[in-house]
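The values are calculated or read from the model by the stated rules, or taken from the named source; none is laboratory data. Since the model is a prediction, treat every value here as computed from it, not as a measurement. Please note: Cβ atoms are built from the backbone with ideal geometry, for glycine as well, and neighbour counts cover all protein chains shown. SASA here: full protein model, heavy atoms, side chains in, ligands and nucleic acids out. Shrake-Rupley method; radii C 1.70, N 1.55, O 1.52, S 1.80 Å.
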Amino acid sequence: MTPPTASTARVRTRFAPSPTGALHLGNARTAILNWLFARRHGGAFVLRLEDTDTERAVPGGEEMIYEALDWLGISPDEGPREGGPFPPYRQLARAERHRARAEELLESGKAFRSGGETAIRLRIESGPVEFTDLLKGTLAIDGDDLGDLVLVRSDGRPTYNFAVAVDDIEMEISHVIRGVGHLSNTPKQVLLYRAFGVEPPAFVHIPTVLAPGGGKLSKRRGAAGVLDYRERGFHPDAVLNYLSLLSWSSEDGEEFLSREALVERIDLDRLGAADAEVDEEKMTWLSGQHLRAEPAERLARDWAPRLDVEGLGLNDADLRRAAEVFARRTRLLSDVASEVEPIYRAPETGGSAARELLSAPAAETALRLARAAWADTAWRPEPLAAALRGAMRDAGLAGRTFFPPVRVALTGQLHGPDLGEVAYALGRARTLARLAAAIEKERSV
């Protein structure tokens with residue numbers, strides 16, 4: 001899709017939320033598509049806060065929007081925090097600009113004051129007001145059906161449609177990508193572009209994000225704030241990936257896409273017109289895929305705040321090894337405590353099942369052979385697993401006899417991950433010490 005002016009014009013998209021609360025999934029999807037499209041075309045992604053509804057504004061609303069965008073990794077190029085060539089980036093602070101532009105229209109005869117009122121209105125002529133939307137094609141409405149278009153109210157406050165059009169013009173926005181709920185505003189804004197003698201941007205009105213099972217998003221049905229997904233342990237790239245694919249699909253049908261792949265493949269011509277329901281199970285699956293693709297060092301840093309690092313005596317090397325072998329067992333970052341902490345806790349071998357395994361006739365033999373096999377093995381999961389199987393075969397023992405006491409000695413558990421992975425994650429010193437302790441404990445019984 002090409003920009004609406006010259007082919008050399010720079011793509012500039014904007015996300016214009018109101019700071020009235022947490023950023024929910026629908027708004028986040030809009031921000032993501034704007035960011036991806038700007039990145040795809042080497043353009044700019046602008047954040048402009050529509051903060052004129054002061055009654056609904058909440059303390060910290062702006063900070064919550066920024067925190068969500070930062071977590072998703074789609075921080076704006078221009079905005080209230082970043083600045084830029086077209087300040088200010090808060091709509092309320094632009095009110096004087098809006099009033100000045102209304103005066104321009106008054107002077108040119110394109111706007112008027114009726115009778116003794118102070119409100120400024122746009123002159124609307126009869127005839128079709130036509131515009132093109134990427135998804136819906138060419139649309140038209142008769143100017144007579146729009147009624148009076150107030151630009152500035154009698155109390156001096158600019159109206160929403162006028163402020164938005166002026167801001168988009170002055171910030172040189174090339175593509176307006178927003179929810180379909182704004183479609184009814186578009187003819188009014190097109191009239192304002194005409195009045196100023198400016199070519200309208202390309203309009204793309206994206207379908208609605210629905211709650212699971214259909215229906216409007218609400219706090220009870222899928223309208224959780226984006227940051228709630230962070231607290232629940234979703235990988236940010238998975239939320240970005242999932243929301244970007246609501247109503248859009250890559251040409252090859254691939255669903256697990258890195259942000260680099262999303263930027264490369266984003267194509268507004270492949271947007272669907274149907275509303276899309278939130279599917280948390282799919283988002284969870286994507287979170288697992290992105291966790292597995294994460295470099296171990298980075299995943300270890302992400303895991304650390306969710307683990308009792310100090311209590312378990314874990315260092316950076318421990319966390320890196322754990323990330324290497326256990327990432328595939330998790331789908332959310334919050335899974336790490338249940339999957340990883342039991343491996344590192346001191347094994348509890350006092351239970352009846354554990355005691356029975358460790359007191360079996362072949363248990364001490366299995367523990368000694370495991371310790372000997374691992375004493376000089378290269379400390380990687382595959383060699384460790386192979387060495388353990390070799391020791392079992394050399395001893396002529398069955399797996400059901402050989403492996404359980406080794407597992408109990410290392411973790412205190414009857415079931416769990418592959419023992420080569422467990423030993424690798426624990427590290428050489430911790431593994432050999434736990435085996436030695438189990439052998440000594442059996443001797444002392």
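At-a-glance table
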{"read-out": "The lone exception for GLY213 - which of (1) surrounded by fewer than 21 Cβ atoms within 10 Å (Cβ to Cβ); (2) more than 22 Å from the chain's Cα centre (by Cα) it fails", "value": "(2)"}
{"read-out": "Candidates GLY288, GLY233, filtered to the one that is out of contact with any His (no Cβ under 7 Å at 6 or more places or on another chain), at pLDDT 95 or above, open to solvent by less than 30 Å² (accessible area, probe 1.4 Å) and part of a helix (DSSP H, G or I)", "value": "GLY288"}
{"read-out": "Leading residue by the ranking (farthest from ARG259 (Cα to Cα)) among those in the stretch 291-335 that are assigned to a loop (DSSP other than H, G, I, E, B) and in contact (Cβ under 8 Å) with a residue 24 or more places away in the chain", "value": "GLY313"}
{"read-out": "Exclusive hit being within 30 Å of PRO236 (Cα to Cα) and at pLDDT 95 or above, set PRO295, PRO383, PRO342", "value": "PRO295"}
{"read-out": "Enumeration of residues in the stretch 410-445 that are more than 17 Å from ALA373 (Cβ to Cβ) and part of a helix (DSSP H, G or I)", "value": "THR411, ALA425, ALA437, GLU440, LYS441, GLU442, ARG443, SER444"}
{"read-out": "Residue count, the stretch 341-356 (criterion: surrounded by 16 or more Cβ atoms within 10 Å (Cβ to Cβ) and of a type in the set (A, V, I, L, M, F, W, C))", "value": "2"}
{"read-out": "Which numbered condition ASP376 fails, given (1) closer than 23 Å to ALA353 by Cβ; (2) surrounded by fewer than 14 Cβ atoms within 10 Å (Cβ to Cβ)", "value": "(1)"}
{"read-out": "Identity of the residue in the stretch 336-391, assigned to a helix (DSSP H, G or I) and among the polar types (S, T, N, Q), that ends up nearest to the chain's Cα centre (by Cα)", "value": "SER338"}
{"read-out": "Complete set of residues in the stretch 229-257 that are within 23 Å of ARG178 (Cα to Cα) and of a type in the set (Gly, Ala, Ser)", "value": "ALA238, SER244, SER247, SER249, SER250"}
{"read-out": "Search result, residues across the stretch 393-403 that are part of a helix (DSSP H, G or I) and either surrounded by fewer than 21 Cβ atoms within 10 Å (Cβ to Cβ) or β-branched (Val, Ile, Thr) (or both)", "value": "ARG393, ASP394, ALA395, GLY399, ARG400, THR401, PHE403"}
{"read-out": "Matching residues in the stretch 251-267 - criterion: being open to solvent by 50 Å² or more (accessible area, probe 1.4 Å) and assigned to a helix (DSSP H, G or I)", "value": "GLU260, GLU264, ARG265"}
{"read-out": "Yes/no for ALA300 being closer than 21 Å to LEU72 by Cα, crowded, with 18+ Cβ neighbours inside 10 Å and not basic (Lys, Arg)", "value": "yes"}
{"read-out": "Subset of the stretch 70-124 [open to solvent by less than 60 Å² (accessible area, probe 1.4 Å) and part of a helix (DSSP H, G or I)]", "value": "TRP71, LEU72, GLN91, ARG94, ALA95, HIS98, ALA100, ARG101, ALA102, LEU105, LEU106"}
{"read-out": "Evaluation of ALA224 against (1) surrounded by fewer than 21 Cβ atoms within 10 Å (Cβ to Cβ); (2) of a type outside the set (D, E, K, R); (3) under 12 Å from the mean Cα position of the chain (by Cα) (one fails), failing number", "value": "(3)"}
{"read-out": "Yes/no for LEU432 being closer than 22 Å to ASP376 by Cβ, open to solvent by 10 Å² or more (accessible area, probe 1.4 Å), of a type in the set (A, V, I, L, M, F, W, C) and touching a residue at least 40 places away in the same chain (Cβ under 8 Å)", "value": "yes"}
{"read-out": "Residue that is least open to solvent (accessible area, probe 1.4 Å) [pool: residues in the stretch 125-137 that are closer than 16 Å to GLN189 by Cβ and not aliphatic (A, V, I, L, M)]", "value": "ASP133"}
{"read-out": "The stretch 1-24 - residue that is in contact with a strand residue (DSSP E or B) (Cβ under 9 Å, 6 or more places away or on another chain), modelled with pLDDT under 95 and small (Gly, Ala, Ser) and, of those, farthest from ARG94 (Cα to Cα)", "value": "ALA22"}
{"read-out": "Members of the stretch 25-69 that are over 22 Å from PRO158 (Cβ atoms), open to solvent by less than 50 Å² (accessible area, probe 1.4 Å), at pLDDT below 95 and part of a loop (DSSP other than H, G, I, E, B)", "value": "GLY60"}
{"read-out": "Count - residues of the stretch 303-336 that are within 18 Å of PRO381 (Cβ to Cβ) and open to solvent by 60 Å² or more (accessible area, probe 1.4 Å)", "value": "4"}
{"read-out": "In the stretch 79-134, the residues that are without any contact (Cβ under 8 Å) to a residue 12 or more places away in the chain and either basic (Lys, Arg) or at positive phi (or both)", "value": "GLY83, ARG113, GLY115"}
{"read-out": "Among (1) over 20 Å from ARG329 (Cβ atoms); (2) modelled with pLDDT under 95 - the single one MET392 does not satisfy", "value": "(2)"}
{"read-out": "Subset of the stretch 173-190 [crowded, with 21+ Cβ neighbours inside 10 Å, under 23 Å from the mean Cα position of the chain (by Cα) and either aliphatic (A, V, I, L, M) or in a helix (DSSP H, G or I) (or both)]", "value": "VAL176, ILE177"}
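Let's see how each residue does on (1) part of a loop (DSSP other than H, G, I, E, B); (2) out of contact with any Ser or Thr (no Cβ under 7 Å at 6 or more places or on another chain):
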| residue | (1), (2) |
| --- | --- |
| PHE131 | no, no |
| SER154 | yes, no |
| LEU192 | no, yes |
| VAL198 | yes, yes |
